[in-house]
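Written out below as structure tokens is the structure these notes cover.
The values are calculated or read from the model by the stated rules, or taken from the named source; none is laboratory data. Quick caveat, the model's predicted, so the values are computed rather than measured. Here the Cβ is made from the backbone with ideal geometry for all residues, glycine too, and neighbour counts use every protein chain on show. These accessible areas exclude ligands, DNA and RNA; they are computed on the full protein's heavy atoms, side chains included. Shrake-Rupley method; radii C 1.70, N 1.55, O 1.52, S 1.80 Å.
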Amino acid sequence: MKKLLTLMTAILMAASMNAQNPMVLGENHAMLRLEQSKTFILLPVQEKAENAHIAVLDKKNEMVKRLNVKLAVDKVDYYVPLQINQAQLLDISFQGDRRMTGAVKDFVCWKELKYSNSFDTTNSERFRPLYHHTPLYGWMNDPNGMFYQDGVWHLYYQYNPYGSQWENMTWGHSTTRDLIHWEAQPLAIEADWLGAIFSGSCVTNGKDVVAFYTSAGQHQAQSMAVSKDGGKTFEKFAGNPILTSDIPDFRDPKAFWNEEAKVWNLILAAGQEMRIYSSKDLKAWKYESSFGKEYGNHGGVWECPDLFKIDNKWVLLCNINPGGPFGGSATQYFVGNFDGKKFTCESMPKVTKWMDYGKDHYATVSFYNAPDNRRVVLAWMSNWQYANEVPTKQFRSANSIPRDLGLFTHGEETYVSVVPSKEMLDVRGKKIKKPTEACEIVVDMKSSADITLSNTKGEKVTMRYDAQKQTFSMDRTKSGDVNFSEAFPCVTTAPTYGAVRQLRIFIDRCSIEAFDSEGKVAMTNLVFPSEPYQTITVKGGKSTIYEIKQ
């Protein structure tokens, strides 16, 4: 991502400091009248502080926005921009015990407030990936609304523009023509009085782009918005919400055109099952069936579904949190048949299939309308066990590299194959002798093999292919900084469903993604080494290292 097509610029201009003192109305309440001469007020954030609830009021004292920000009490970790526009007054309610934090009037946020005409998005993080999608700043989790149109891949995502931890869910937006180099776009869909904007999907209907998302207020309901300009801006449907339920966890609608049934279908998560609907006009939806009772893993809440056809079979993706094979969040899936009304799984109910056997692969969904009948997916590259705590501040979280899905059989079961998308070959550069912070390593093996990545600090990641057991494992317990969460240091292990002859390993500063070249194994794990891994040792195979072209 090279630029943000808003009033933000890449260079932080001179900012004016705290021109006004706050109006303190009580021990937990203050107001701040905003200067009108600048574009932004830069809010100082302290991640250990509790959220302050901020109502943004216009000149008529009508609320135009509400947000939660961890305003700095005694230390500033970083700043986030709030565009002033109509804003005239901030009405701020603080949380927490004042006996512990002190008096509101003494909070450091008042001294460190800045006004500016721009906001610096220049990368300041040594762990920010070089060829994975990340937000310019702030928090990101689930990929949303992905679609392809007129040569452009659109990615929306769960986004917090006002901090680098989960909060204020909004649809961020980025675009690309090659699935590698991303360009940040303005915010796409922001919260309203129905609630925050949770995960969902987009479809193209002629020239229009129609978005479906969860309105997450006091309860969760499904809403719709339409874009007339190719997905840049959306107008919310006057009839929202379009689907409601009395179930607490009722979210993440994935809509698609079903050519075989000649209807629009929509699948969403409802507790620990998936509900399927049909429609002729994208507005009125008829409940058709549910899937999930007694099938697969039920260790946590079912989320972020997807349903699509590969070859002659249908695949239902079901992201689950917690319940993953090594704790926390993960993506399971089911293979079967779908007639436009009911999904029938071909496996026995207790069979569980995982798309990726790492700790950091979640919320996997596919692009709508991908060319050449491809099924291209992205995942959120983190885990809810520690996503808020990983050692970055300017931003948190990246997406996986793009992956293409297929099918393969092993024994009596059909599985989903996962391979790096062909676009990853387009950025494969020249051969190099040593690993770098951003490279691809191809390992050819004849039988079992041990692969170790290490640096001069004694930090290492050990991967092992056991041909006899037909397993592949990755040990990150000594990979670098592992102390920010007890759930982070771990060894992850995957079945290989037969022999593995070649591995493709992608390294990008804070991540390692390993694939069997035939697509039978995928494993994604974050790592935070104090310096890049410069050495690779392979026992039982031969490695070839390629640079990644930027």
Looking at residue 309, is it open to solvent by 40 Å² or more (accessible area, probe 1.4 Å) and touching a Leu at 6+ places or on another chain (Cβ under 9 Å)?
no
Pull out all pairs, ordered by first then second residue, where Cβ-Cβ is under 9 Å, the residues are six or more apart or on different chains, the first lies in the range 101-118 and is more than 12 Å from residue 79 (Cβ to Cβ) and modelled with pLDDT of 95 or more, and the second is assigned to a helix (DSSP H, G or I) and open to solvent by less than 30 Å² (accessible area, probe 1.4 Å).
110/104
Going by the conditions given, is residue 281 farther than 14 Å from residue 222 by Cα, of a type in the set (D, E, K, R) and open to solvent by less than 10 Å² (accessible area, probe 1.4 Å)?
no
Exactly one of (1) assigned to a strand (DSSP E or B); (2) within 25 Å of residue 485 (Cβ to Cβ) is unmet by residue 344. Its number?
(2)
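Here are 151, 206, 200: which of them is free of Cβ contacts under 8 Å to residues at least 12 places away in the same chain and over 27 Å from residue 42 (Cβ atoms)? Write out each step before concluding.
On the way: 151 fails: free of Cβ contacts under 8 Å to residues at least 12 places away in the same chain; 200 fails: free of Cβ contacts under 8 Å to residues at least 12 places away in the same chain.
Among 151, 206, 200, only 206 is free of Cβ contacts under 8 Å to residues at least 12 places away in the same chain and over 27 Å from residue 42 (Cβ atoms).
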Of all strands (runs of 3 or more DSSP E) completely enclosed by the range 189-250, which ones contain at least 3 residues that are in contact with a Cys (Cβ under 7 Å, 6 or more places away or on another chain)?
208-216
Identify, please: which residue in the range 218-240 is open to solvent by less than 50 Å² (accessible area, probe 1.4 Å) and in contact (Cβ under 8 Å) with a residue 40 or more places away in the chain and is, among those, farthest from residue 321 (Cα to Cα)?
230
Mind checking which residues of the range 323-337 are in a loop (DSSP other than H, G, I, E, B), touching a His at 6+ places or on another chain (Cβ under 9 Å) and of a type in the set (A, V, I, L, M, F, W, C)?
none
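Is the range 97-111 home to any residue that is within 30 Å of residue 527 (Cα to Cα), out of contact with any helix residue (DSSP H, G or I) (no Cβ under 8 Å at 6 or more places or on another chain) and open to solvent by 40 Å² or more (accessible area, probe 1.4 Å)? Write out each step before concluding.
Pass one, the range 97-111, residues within 30 Å of residue 527 (Cα to Cα): none.
Within the range 97-111 (the criterion being within 30 Å of residue 527 (Cα to Cα), out of contact with any helix residue (DSSP H, G or I) (no Cβ under 8 Å at 6 or more places or on another chain) and open to solvent by 40 Å² or more (accessible area, probe 1.4 Å)), the answer is no, since none of the residues qualifies.
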Extreme residue, nearest to the chain's Cα centre (by Cα), among residues of the range 36-67 that are in contact (Cβ under 8 Å) with a residue 40 or more places away in the chain, in a strand (DSSP E or B) and surrounded by fewer than 17 Cβ atoms within 10 Å (Cβ to Cβ)
66
I'd like to know if the range 73-93 contains one or more residues that are hydrophobic (A, V, I, L, M, F, W, C), open to solvent by less than 60 Å² (accessible area, probe 1.4 Å) and free of Cβ contacts under 8 Å to residues at least 40 places away in the same chain.
yes
Residue list for the range 195-217, filter: surrounded by fewer than 18 Cβ atoms within 10 Å (Cβ to Cβ) and under 15 Å from residue 66 (Cβ atoms):
217
Failed criterion for residue 364 (all others in (1) touching a residue at least 12 places away in the same chain (Cβ under 8 Å); (2) farther than 20 Å from residue 516 by Cβ hold)
(2)
Would you call residue 295 touching a residue at least 12 places away in the same chain (Cβ under 8 Å), within 19 Å of the chain's Cα centre (by Cα) and surrounded by 17 or more Cβ atoms within 10 Å (Cβ to Cβ)?
no
Selected residue (criterion: nearest to residue 523 (Cα to Cα)) from residues of the range 340-356 that are surrounded by 16 or more Cβ atoms within 10 Å (Cβ to Cβ), touching a Gly at 6+ places or on another chain (Cβ under 9 Å) and not polar (S, T, N, Q)
354
